[in-house]
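Engineer: Handing you this structure, nothing more for now.
The values are calculated or read from the model by the stated rules, or taken from the named source; none is laboratory data. Source: prediction; values computed, not measured. Note that each Cβ is placed from the backbone with ideal geometry, even for glycine, and that neighbours are counted across all protein chains shown. Side chains included, ligands, DNA and RNA excluded: accessible areas come from the protein's heavy atoms. Shrake-Rupley method; radii C 1.70, N 1.55, O 1.52, S 1.80 Å.
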Amino acid sequence: MTRLDEVEISKTILRTYHEKLLDALASDVIVVGAGPSGLVAASFFAKSGLKVTVLEKRLSPGGGIWGGGMAMSVAVVQDEAVALLSEMGISCKPKGNNLYAVDAIELAAGLCYNALQAGATILNLMTAEDLCLHHGRVTGVVVNRTTISGALPVDPITFSSRAALDATGHEAVLVECLRRRRLLPSQTAELGEGPMDAAAGEQFVVDHAGEVFPGLWVSGMSVCAALGGPRMGPIFGGMLLSGKRVAEAIITALTQTSQDARSPTPPPRATSPSR
Ligand code: 48F
């Protein structure tokens, strides 16, 4: 076995992590929450060439996937999500009634692997505590170590981005930061997740994944929490497709903004000489 120096092992961790952390301070997109919708979105951002950082408060990314339904590690998806799973190399078994069973561990691991391989950065044990707001637009996320957040009187640090995605599930943490300050449009300010209706809830999270405030987008269960859609229980196809849908919308929006910024300002129109 090679001779090992314990301090060199520590230096390798410190250097590598701090390089990653420094690099993540400015991203095109910050995804808060590494559940199914956030991880799918992160893969699409990275594949499109955007710089994406995922912040996850827990030790393990995967969100609600691990527990399947009532702590049975099977994630059920409907037929609309099968093509996306296949694109990501994640296997599923048909079980009748348009339902497919996915091993929850394979789904969580597969989504993380896809996002990382595509170039996303995932930082675990990072709790988003607040948003940065400049001139009425979200410009970043205020973050603390999960082990510190709420436990010690230690200030957070800030990660900046052109778009922030709230993929924190039922909690809709970033949306709540705006709601409690009464900054959301009045029609969304009083809403919250509705009672269970699997079909309607699944459709809702896909149809309404989008921007809820300038610079702040929602996917997955955060859509229901922000906009009043029904919960859907232990079915995951809508979460995956919601992540894909919001990613496509954000990619289009950011590409458009970049093009606008690049296009030359038109010369001032010549004033016609007075006759
Ligand atoms: O809850 P979660 O899996 O969100 P999702 O993508 O999927 C919902 C499904 O799991 C399930 C369902 C509907 O019934 O099918 O509920 O909408 O993942 C949310 C992730 O966000 C993290 C949390 O630990 C989880 O991994 N998270 C929550 N708050 C914060 C956070 C925070 N303040 N900072 C960072 N991460």
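Engineer: Kindly check whether there is at least one residue in segment 170-177 that is away from the ligand (no atom under 11 Å from the Cβ), at pLDDT 95 or above and open to solvent by 40 Å² or more (accessible area, probe 1.4 Å).
Structural biologist: no
Engineer: Looking at (1) more than 9 Å from the ligand (Cβ to nearest atom); (2) buried (at least 24 other Cβ atoms within 10 Å of the Cβ); (3) closer than 25 Å to residue 132 by Cβ, which is the only condition residue 241 fails?
Structural biologist: Here residue 241 meets the rest and fails (3).
Engineer: Shifting gears a bit: Condition test on residue 229, is it more than 17 Å from the chain's Cα centre (by Cα) and open to solvent by less than 50 Å² (accessible area, probe 1.4 Å)?
Structural biologist: Yes: the conditions hold for residue 229.
Engineer: Pairs under 9 Å by beta carbon, first residue closer than 10 Å to residue 228 by Cα and acidic (Asp, Glu) in segment 173-195, partner in a loop (DSSP other than H, G, I, E, B) and open to solvent by 60 Å² or more (accessible area, probe 1.4 Å), six or more apart or different chains?
Structural biologist: Here the result reads 193/231, each pair linking segment 173-195 to a residue that is in a loop (DSSP other than H, G, I, E, B) and open to solvent by 60 Å² or more (accessible area, probe 1.4 Å).
Engineer: Filtering segment 184-228 down to residues that are among the acidic types (Asp, Glu) and within 13 Å of the ligand (Cβ to nearest atom), which residue is farthest from residue 169 (Cα to Cα)?
Structural biologist: 197
Engineer: List the pairs whose first member sits in segment 77-92 and is under 16 Å from residue 203 (Cα atoms) and open to solvent by less than 10 Å² (accessible area, probe 1.4 Å), whose second member is outside any helix (DSSP H, G or I) and among the hydroxyl-bearing types (Ser, Thr, Tyr), and whose Cβ atoms are under 6 Å apart, counting only residues at least 6 apart or on separate chains?
Structural biologist: As it stands, the answer is 77/100, since those pairs meet every condition given.
Engineer: Which residues, counting only those in segment 132-150, are open to solvent by 20 Å² or more (accessible area, probe 1.4 Å) and within 14 Å of the ligand (Cβ to nearest atom)?
Structural biologist: Hits for segment 132-150 are 142, 145, 146, 147, 148, 149, 150.
Engineer: So how many residues does segment 1-46 have that are acidic (Asp, Glu), more than 30 Å from residue 211 (Cβ to Cβ) and part of a helix (DSSP H, G or I)?
Structural biologist: The number of residues fulfilling the criteria is 3.
Engineer: Regarding segment 9-20, can at least one residue be identified that is open to solvent by less than 60 Å² (accessible area, probe 1.4 Å) and within 26 Å of residue 142 (Cα to Cα)?
Structural biologist: yes
Engineer: Okay, next question. Go through segment 107-131 and give me each residue that's open to solvent by 30 Å² or more (accessible area, probe 1.4 Å) and over 17 Å from residue 20 (Cα atoms).
Structural biologist: If the condition is that a residue be open to solvent by 30 Å² or more (accessible area, probe 1.4 Å) and over 17 Å from residue 20 (Cα atoms), then 109, 113, 129, 130 are the ones that fit.
Engineer: Checking residue 49 against (1) surrounded by 14 or more Cβ atoms within 10 Å (Cβ to Cβ); (2) away from the ligand (no atom under 14 Å from the Cβ); (3) part of a loop (DSSP other than H, G, I, E, B), which single condition isn't satisfied?
Structural biologist: So the condition that residue 49 fails would be (1).
Engineer: Quick one: in segment 250-266, which of the residues that are of a type outside the set (S, T, N, Q) and surrounded by fewer than 17 Cβ atoms within 10 Å (Cβ to Cβ) is nearest to residue 178 (Cα to Cα)?
Structural biologist: 253
Engineer: Can you name every residue in segment 31-46 that is on the phi < 0 side of the Ramachandran plot and near the ligand (Cβ under 10 Å from one of its atoms)?
Structural biologist: 31, 32, 34, 35, 36, 37, 38, 39, 40, 41
Engineer: I need every pair where a residue in segment 120-146 that is touching a residue at least 40 places away in the same chain (Cβ under 8 Å) and on the phi > 0 side of the Ramachandran plot has its Cβ under 9 Å from the Cβ of a residue that is acidic (Asp, Glu) and within 9 Å of the ligand (Cβ to nearest atom), sequence separation at least 6 or different chains.
Structural biologist: 125/56
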